[in-house]
Structure formats: C-alpha cells, structure tokens
Amino acid sequence: MKEHTVTVVVMLSLLCTCGAISTSGNLHPLILVPGNGGNQLEARLTHEYKPSSFICESWYPLIKQKNGWFRLWFDSSVLLAPFTQCFADRMMLHYHPQLDDYFNTPGVQTRVPHFGSTRSLLYLNPRLKLITGYMAPLVDSLQKLGYTDGETLFGAPYDFRYGLAAEGHPSKVGTEFLKDLKNLIEEASTSNGGKPVILLSHSLGGLFVLQLLNRNPPSWRNKFIKHFIALSAPWGGAVDEMFTFASGNTLGVPLVDPLIVRGEQRSSESNLWLLPNPMIFGPQNPIVITPNKSYSAHDMADFLKDIGYPEGVYPYETRILPLIGNIQAPEVPITCIVGTGVKTLEILLYRNGDFDERPEISYGDGDGTVNNVSLLALQSLWKDERNQYLKVIKIGGVSHASILKDEVALDEIIGEISRIHSHAELGLSNVYSG
C-alpha cells in the first residue's frame with residue numbers, strides 16, 4: 001500500500017461548526033468539474049471546412065450521427081497517422097487579433113454532450129471503456145455514498161480547449177461555461193431544498209472553479225457554495241506544458257507522432273493558461289535549457305518565439321499574464337487533495353537546440369504531471385489571508401490521473417465529503433492529521 005503522508009490544514013479563520021447528518025437523504029448536491037481532456041467532445045463539418053487531405057474529406061469520420069455529429073474526443077482513429085492529422089486540424093483553435101478571442105477552425109462546429117450529467121465524464125469513449133475510463137471509479141464511490149446522477153450529483157463538462165482571459169478581454173466560450181456552471185449550481189441547490197453545493201474539480205477544472213468563485217459576489221458564494229474540493233489543481237501551471245509547446249505531447253497515447261499534434265496543442269487557449277506561472281516558479285529557476293539560452297517562467301515570450309510560435313506571445317502577455325498574476329482567495333472553504341512523490345518534469349535540456357527532438361529530462365517532485373510548487377501554491381499565496389479556510393491533503397505515490405481511481409485517494413475524497421457533511425473538521429483545530 002502507498003505511504004499515506006500527513007494531511008496539513010491551514011486554518012485561517014474560525015468557521016461555523018453547525019452540525020449536519022451525513023445520510024443519503026441529507027446530502028449537499030455535488031457538481032463534478034473535469035480537467036483538460038476530461039470529457040467527451042463532438043463535432044460536425046459544414047461547407048466551410050477545408051480538409052487538409054483527401055482522407056479527411058472523404059473517409060473520415062466513417063461513423064456519424066444522422067445530423068452529422070461525430071465523436072471528436074476521444075476517437076481511436078487518432079492512433080493512425082493519416083487520421084491524426086485530421087484530428088489535429090479539427091481540434092485546432094485560432095486566435096483572432098482584431099476580435100481578441102479564440103475560435104474553431106472554419107467549418108468545424110463543436111458541442112459538449114450531456115451537460116448537467118456525469119455521463120460524458122465517466123469514459124472519454126464509451127466504446128473503449130477499458131482504456132478511456134476517467135471519472136467512472138469516482139462516480140461509483142459517490143453513488144455508494146448515496147449520490148444519484150441528475151438528482152444530487154451533477155457533471156459540468158466543457159470545451160476544454162478554451163480558457164479564460166483577464167478582465168477587459170473577451171473569452172466567449174470560457175465565459176459561457178462559467179455562466180452555465182453558475183446556473184447549474186443554482187439549479188442543483190434549488191432542487192435540493194436550498195442546500196449549498198459542494199464543487200469537486202480535477203486539474204484544469206479547479207482553475208475554472210476558482211475563477212467562477214472570484215467573479216461572483218460574497219453573498220452569492222455564501223448562499224450557494226458549501227465547499228470546494230480541488231483534486232490535482234495546477235494553480236501555478238506546469239513544466240509539462242513547456243514540453244508540450246516545445247516538442248508536442250502524446251499524453252501517453254501510443255503510436256501518435258507528437259509533432260503532428262504539436263500545432264494543435266499550441267493553439268489551445270487553455271494550454272497557454274497552464275504554462276508555468278512566473279509568480280510561482282520564480283525567475284531564478286531555468287526550466288528549458290539549450291546551448292545558447294535558458295528559459296525560466298519569466299522568459300515565456302522569448303520561449304514562445306524561439307520554439308516557432310511567435311503568434312502566441314501577444315495573447316499570452318495581454319490575456320494570460322494578468323489573469324494568472326492575481327490568484328485571489330474567494331473566502332470559500334477549500335480542500336486541495338494532491339498526489340506527491342511521483343517523478344515530474346522539472347528541467348528540459350535540448351542539447352542541440354532543436355525543439356523537434358525529444359529533450360533530456362530532469363525530474364523533481366509532483367504528481368507526474370504537475371510540480372509540487374504548483375500543487376501547493378495556495379499555501380504560500382494565501383498564508384496571510386485571515387478569512388480563507390484552506391486544507392491540503394497529500395497522498396504519496398498517487399499520480400495526476402490515478403487520483404480519480406486509486407483506492408487510497410478515493411477513500412480520502414469520500415472521507416473529506418463525509419467530513420464536510422458532518423462539519424466535524426471545521427473550527428475544532430488548526431491541524432488535522434490523517
């Protein structure tokens with residue numbers, strides 16, 4: 001069994017200790033917010049679509065619904081090289097400088113199925129359950145606790161390619177998702193007798209939830225939010241994203257050429273959001289090293305230019321940097337559950353200065369995807385916040401993805417939800433050990 005590390009609680013204010021009975025009939029509604037790539041995505045093609053090859057035009061996809069919709073993510077055809085390029089073309093986003101926003105490839109329409117339900121979060125492709133399972137084990141554990149999909153348990157899938165932007169910049173798709181999530185929270189609360197909602201996010205979903213909380217007034221948060229549980233949240237981004245931008249990332253999918261998907265990955269607004277935050281990673285820590293230059297999180301503009309993606313500099317500097325430069329405490333009870341002790345990308349060495357080649361990698365601590373300094377960033381950022389309750393649970397040996405299915409991790413998640421219902425942990429001590 002994995003070593004179960006000490007749980008740390010930062011108690012920054014005394015909160016109400018009013019009791020609640022944790023029974024299936026008295027559950028606070030719970031909403032799951034997935035991470036990047038953590039839900040199904042569908043697409044259809046219009047007459048504006050300009051295929052990059054004959055295969056993309058005539059033979060792909062082979063299976064479509066009557067109205068033209070087909071599975072874009074995850075489709076197993078991406079494993080075959082000619083279809084990988086079709087996939088990348090259709091997943092590509094495009095930044096429009098005049099409109100200052102991101103858009104789909106012309107002729108590609110996308111939609112997110114089953115908003116409000118957990119259906120599209122269980123498996124990324126229901127036909128391939130064994131290899132595309134995502135939140136199915138977590139949902140099963142929640143159902144054993146008494147939760148029921150569509151009644152007390154809800155899902156908030158979204159188009160994870162899109163992100164958010166700093167104030168004053170449009171971000172139509174991401175902003176619409178926040179509106180939909182807000183409405184879902186209110187509806188879930190209303191349909192459950194006015195009980196406030198528990199938000200449970202994974203990875204990128206945590207960044208969206210934190211933005212939602214901070215973009216709504218305290219009166220709304222106090223009325224509708226019971227607790228926010230963030231699993232594996234990359235509060236300060238991840239070195240893994242610099243690897244993705246530089247050389248492409250297969251994300252563990254076999255047979256895929258990373259250079260074919262690199263352009264699509266660079267175009268993702270959310271990937272730009274997940275680059276290492278200079279406020280968290282600091283100016284003195286080189287992340288990418290070449291014979292002629294080293295890049296820290298403070299050198300992101302030069303990095304984007306030198307890897308051959310200069311078009312990313314303007315949206316990064318104007319939309320992303322101001323967004324990640326002020327991570328505010330929402331004064332909502334927050335529990336972060338993270339994996340540690342898994343070797344995680346820390347330094348990338350390109351000996352020949354060629355970003356098309358795979359780098360030599362030095363590893364540090366984290367969850368295999370997100371570095372410890374990012375996973376634990378809120379502890380340092382909010383150490384002086386008097387009205388913010390923050391609890392951090394560390395689980396040794398659990399990775400970024402396995403936190404959703406590992407037995408020790410699931411026990412911690414369900415245990416935390418039970419404690420939230422009982423209020424036993426609030427206001428009793430400033431340190432909790434587990």
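The values are calculated or read from the model by the stated rules, or taken from the named source; none is laboratory data. All values reported here derive from a predicted model rather than from experimental measurement. Glycine gets a Cβ as well: all are built from the backbone with ideal geometry, and neighbour counts include every protein chain shown. For accessibility, only protein heavy atoms count, side chains too; no ligands or nucleic acids. Shrake-Rupley method; radii C 1.70, N 1.55, O 1.52, S 1.80 Å.
For the stretch 41-172, the relative contact order comes to 26 percent (Cα pairs under 8 Å, sequence separation of at least 6).
Selection among Ile347, Ile289, Ile334 by position relative to the dipole of the stretch 283-434 gives Ile334 as farthest towards the positive end (Cβ unit charges, Cα centre). In sequence order, the stretch 197-211 has phi-based couplings of 9, 9, 9, 10, 10, 10, 6, 3, x, x, 5, 5, 4, 4, 5 Hz under the Karplus curve 6.51 cos²θ - 1.76 cosθ + 1.60, θ = phi - 60°, and Gly or Pro positions carry x. What the phi angles of the stretch 244-254 give under the Karplus curve with 6.51, -1.76 and 1.60, with θ = phi - 60°, is a coupling list of 4, 5, 6, 10, x, 9, 7, 6, x, 7, x Hz, glycine and proline written as x.
Taking the inverse of the mean 1/r over every pair of distinct Cα atoms in the stretch 177-225 gives a Kirkwood hydrodynamic radius of 11.0 Å. What net charge is computed for the residues neighbouring Val173, neighbours being all others with C-beta under 12 Å from the C-beta of Val173, Lys and Arg scored +1, Asp and Glu -1? Value of the local net charge: -1.
I want the local charge near Tyr134. Using Cβ-Cβ distances under 13 Å, sum +1 for each Lys or Arg and -1 for each Asp or Glu among the other residues. Could you put the intermediate results ahead of the total?
Values: positive: Arg119, Lys129, Lys405; negative: Asp140.
Combined, the nearby Lys, Arg, Asp and Glu give +2.
Evaluated with a Cβ-only charge set (Lys, Arg +1; Asp, Glu -1), the stretch 169-309 carries a dipole of roughly 560 debye about its Cα centre, given to the nearest 20.
Please tell me which of these pairs span more than 20 angstrom C-alpha to C-alpha: Lys182/Lys223; Lys343/Lys394; Lys64/Lys179; Lys144/Lys405; Lys179/Lys405; Lys195/Lys383? It would help to have the intermediate numbers written out before the result.
Details: Lys182/Lys223 12 Å; Lys343/Lys394 15 Å; Lys64/Lys179 30 Å; Lys144/Lys405 14 Å; Lys179/Lys405 30 Å; Lys195/Lys383 30 Å.
Long pairs (Cα-Cα over 20 Å): Lys64/Lys179; Lys179/Lys405; Lys195/Lys383.
Of the solvent-accessible surface of the stretch 265-417, computed with a 1.4 Å probe over protein heavy atoms with every protein chain present, carbon and sulfur atoms account for 45 percent. When the chain is described by a simple charge dipole with +1 on each Lys and Arg Cβ and -1 on each Asp and Glu Cβ, the residue from His96, Ile403, Ile420 located farthest towards its positive end is Ile420. The stretch 218-282 and the stretch 77-151 have Cα centres separated by 15 Å.
Mean separation of Cα pairs under 8 Å and 6 or more residues apart, divided by the residue count, gives the chain a relative contact order of 24 percent. For the chain, a crude dipole built from +1 on the beta carbon of Lys and Arg and -1 on the beta carbon of Asp and Glu, taken about the Cα centre, is about 900 debye to the nearest 20. Taking the Cα centre of the stretch 222-379 as origin and assigning +1 to Lys and Arg Cβ atoms and -1 to Asp and Glu Cβ atoms, the resulting dipole is close to 420 debye.
Here the Karplus curve 6.51 cos²θ - 1.76 cosθ + 1.60, taken at θ = phi - 60°, turns the phi angles of the stretch 379-390 into couplings of 4, 7, 5, 10, 4, 9, 7, 6, 10, 10, 8, 9 Hz, with x standing for Gly and Pro.
At a probe radius of 1.4 angstrom, the accessible area of the chain per residue rounds to 42 square angstrom.
As I understand it, the value is the acute angle between the Cα axis of helix 407-422 and the longest principal axis of the Cα atoms of the chain; what does it come to in degrees, rounded to 10? Approximately 50 degrees, to the nearest ten. With coordinates expressed along the principal axes, the C-alpha atoms belonging to the stretch 176-322 extend over 62, 36, 24 Å, beginning with the largest.
Count the net charge of all other residues whose Cβ sits under 13 Å from the Cβ of Lys305, scoring Lys and Arg as +1 and Asp and Glu as -1.
Numbers: positive: Arg266, Lys293; negative: Asp299, Asp302, Asp306, Glu311, Glu317.
Around Lys305, the surrounding residues sum to -3.
May I ask you to give the average projected area over all directions of the convex hull of the Cα atoms of the stretch 278-434, in nm² rounded to one decimal?
Values: hull surface 45.0 nm².
Its average projected convex-hull area is 11.3 nm².
Estimated from helices alone, the mean residue ellipticity of the chain at 222 nm is -8500 deg cm²/dmol (sum of -39500 (n - 2.57) over DSSP H runs with n ≥ 4, per residue).
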